[in-house]
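Q: If you scroll down you'll find the structure; I have some questions about it.
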Amino acid sequence: MVETVKPAILIPEPNRRVPRHVAIIMDGNGRWAKQRHRPRTHGHREGVKSVRAVVEESVRQGVGTLTLFAFSSENWQRPRSEVNILMELFISALRDEVHRLIENDVRLRVIGELSAFPEKLQHGIRDAEALTANNAALNLQVAANYGGRWDITRAARALVADVLAGRLDQAAIDEQAFAQRLSFPDLPEPDLFIRTGGERRLSNFVLWQSAYAELYFTDVLWPDFDEEAFRHALDDFARRQRRFGRTSEQVDARAAVRAYGRG
Ligand code: IPE
Ligand code: IPE
Ligand code: MG
């Protein structure tokens, strides 16, 4: 009897589903440094290499938008010395990385309450955003002093202001009107939500926008999260069936129609 060899790759490359938007909680820098008996800030510095790797792999894979959680609204509670070094690291990373973003056709935007940052950092952000404003291969969003609840509360305030000013009818408040007042209303919502570093929580990251994101948790610490680790996450995403409330059979039928037409 002749054994037939089954093809190892089940998902043909041309049909491989790539997330339009990936959001990542870059966690585990401190533990990575601790394992090496180094200060936590050493882990943050090493983490910049992973940012570079994931940004460039996103461009290669055709991910349209990448949102990276760099500093949460809760991270101010860390020791002052760590916060200061993180601020310096942002400033130097913006200065040193912008040419690579331009080379890779990456547009940078920073989301969050930026007014709390040192003036120098705010300048650096505005400059890097302006220098990359016309780039189109990838929308890179860095979330800094960001919180999902901050984002939602701000949208609620904007709705109230628009109603009081007569720009919006109260009866017209719906999910779409709300979503339009959140950060990045012009970009698709995250399809894939990754957290490195082993914790399985959302830590107040893009809450509203991730309502239907596929969640991917890995124990890999952020400084070790390289191109290969990122591709694993993308492969995992490609194998998932997203149902959005429908049944599995309905989703399969729709996929068949898309692949083969209506007959
Ligand atoms: C994530 O790594 C980076 C920031 C929050 C700025 P951590 O600093 O949280 O690393 P762990 O979780 O302590 O290992
Ligand atoms: C979330 O990580 C924030 C960032 C990665 C920037 P944290 O390490 O601050 O989250 P918790 O405190 O473990 O929830
Ligand atoms: Mg952490």
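Residue-wise test of (1) touching a residue at least 40 places away in the same chain (Cβ under 8 Å); (2) over 23 Å from GLY28 (Cβ atoms); (3) away from ligand 3 (no atom under 14 Å from the Cβ).
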{"position": "GLY47", "(1), (2), (3)": "yes, no, no"}
{"position": "VAL51", "(1), (2), (3)": "yes, no, yes"}
{"position": "GLU56", "(1), (2), (3)": "yes, no, yes"}
{"position": "GLY64", "(1), (2), (3)": "yes, yes, yes"}
{"position": "GLU74", "(1), (2), (3)": "yes, no, no"}
{"position": "LEU86", "(1), (2), (3)": "yes, no, no"}
{"position": "LEU89", "(1), (2), (3)": "yes, no, yes"}
{"position": "GLU103", "(1), (2), (3)": "no, yes, yes"}
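Q: Let me ask something additional. What do you reckon, is VAL51 crowded, with 17+ Cβ neighbours inside 10 Å, more than 14 Å from ligand 1 (Cβ to nearest atom), of a type outside the set (Phe, Trp, Tyr) and modelled with pLDDT of 95 or more? First the steps, then the outcome.
A: On the way: crowded, with 17+ Cβ neighbours inside 10 Å: yes; more than 14 Å from ligand 1 (Cβ to nearest atom): no; of a type outside the set (Phe, Trp, Tyr): yes; modelled with pLDDT of 95 or more: yes.
No.
Q: Residue check, GLY62 against (1) at positive phi; (2) buried (at least 17 other Cβ atoms within 10 Å of the Cβ), all met but one. Which one?
A: (2)
Q: Across the range 65-80, which residue is surrounded by the most Cβ atoms within 10 Å (Cβ to Cβ) among those that are within 13 Å of ligand 1 (Cβ to nearest atom) and hydroxyl-bearing (Ser, Thr, Tyr)?
A: Across the range 65-80, the extreme among qualifying residues is SER72.
Q: Can you run down the residue pairs with Cβ atoms below 8 Å, 6 or more apart or on separate chains, where the first is in the range 207-235 and under 17 Å from PHE69 (Cβ atoms) and at pLDDT below 95 and the partner is outside any helix (DSSP H, G or I) and within 14 Å of ligand 2 (Cβ to nearest atom)?
A: Pairs that qualify, where the first residue is under 17 Å from PHE69 (Cβ atoms) and at pLDDT below 95 and the partner is outside any helix (DSSP H, G or I) and within 14 Å of ligand 2 (Cβ to nearest atom): there are none.
Q: How many of the residues making up the range 122-157 are aliphatic (A, V, I, L, M) and assigned to a strand (DSSP E or B)? Talk me through it step by step, then tell me what you get.
A: Kept after step one, since they are aliphatic (A, V, I, L, M), are these residues of the range 122-157: 125, 128, 130-131, 133, 136-138, 140, 142-144, 152, 155-156.
Checking the rest, the ones that are also assigned to a strand (DSSP E or B) come to 138, 140, 142-144.
Counting residues in the range 122-157 that are aliphatic (A, V, I, L, M) and assigned to a strand (DSSP E or B) gives 5.
Q: Which one of the conditions (1) closer than 23 Å to SER72 by Cβ; (2) in contact with a strand residue (DSSP E or B) (Cβ under 7 Å, 6 or more places away or on another chain); (3) not in a loop (DSSP other than H, G, I, E, B) does PHE205 fail to meet, given that it meets all the rest?
A: (3)
Q: Is there any pair linking a residue in the range 142-164 that is within 16 Å of SER210 (Cα to Cα) to one that is acidic (Asp, Glu) and within 16 Å of ligand 3 (Cβ to nearest atom), with Cβ under 9 Å and at least six apart or on different chains, and which?
A: Cβ pairs passing all conditions: GLY147/GLU74.
Q: Which residues, counting only those in the range 211-225, are surrounded by 15 or more Cβ atoms within 10 Å (Cβ to Cβ) and either of a type outside the set (A, V, I, L, M) or part of a helix (DSSP H, G or I) (or both)?
A: Applying the first criterion (surrounded by 15 or more Cβ atoms within 10 Å (Cβ to Cβ)) to the range 211-225 yields 213-214, 216-218, 220-225.
Across the range 211-225, the qualifying residues are GLU214, TYR216, PHE217, THR218, TRP222, PRO223, ASP224, PHE225.
Q: Pick from the range 15-37 the residues that are surrounded by fewer than 17 Cβ atoms within 10 Å (Cβ to Cβ) and away from ligand 3 (no atom under 16 Å from the Cβ): which of them is nearest to LEU138 (Cα to Cα)?
A: ARG20
Q: For the range 236-263, give me each residue that is assigned to a helix (DSSP H, G or I), at pLDDT 95 or above and of a type in the set (Ser, Thr, Tyr).
A: Within the range 236-263, SER248 is the sole residue that qualifies.
Q: If I go through the range 190-210 residue by residue, how many of them are under 14 Å from the mean Cα position of the chain (by Cα), more than 19 Å from VAL63 (Cα to Cα) and either buried (at least 20 other Cβ atoms within 10 Å of the Cβ) or more than 13 Å from ligand 1 (Cβ to nearest atom) (or both)?
A: From the range 190-210, those under 14 Å from the mean Cα position of the chain (by Cα) are 190-196, 202-210; that's our starting set.
Subsequent filtering for residues that are more than 19 Å from VAL63 (Cα to Cα) retains 202-205, 207-208.
Within this subset, residues satisfying the condition of being either buried (at least 20 other Cβ atoms within 10 Å of the Cβ) or more than 13 Å from ligand 1 (Cβ to nearest atom) (or both) are 202, 205, 207-208.
Result for the range 190-210: 4.
The values are calculated or read from the model by the stated rules, or taken from the named source; none is laboratory data. These figures come from a predicted structure and were not determined experimentally. Because the Cβ atoms are built from the backbone with ideal geometry, glycine has one as well, and the counts that use them run over all protein chains shown.
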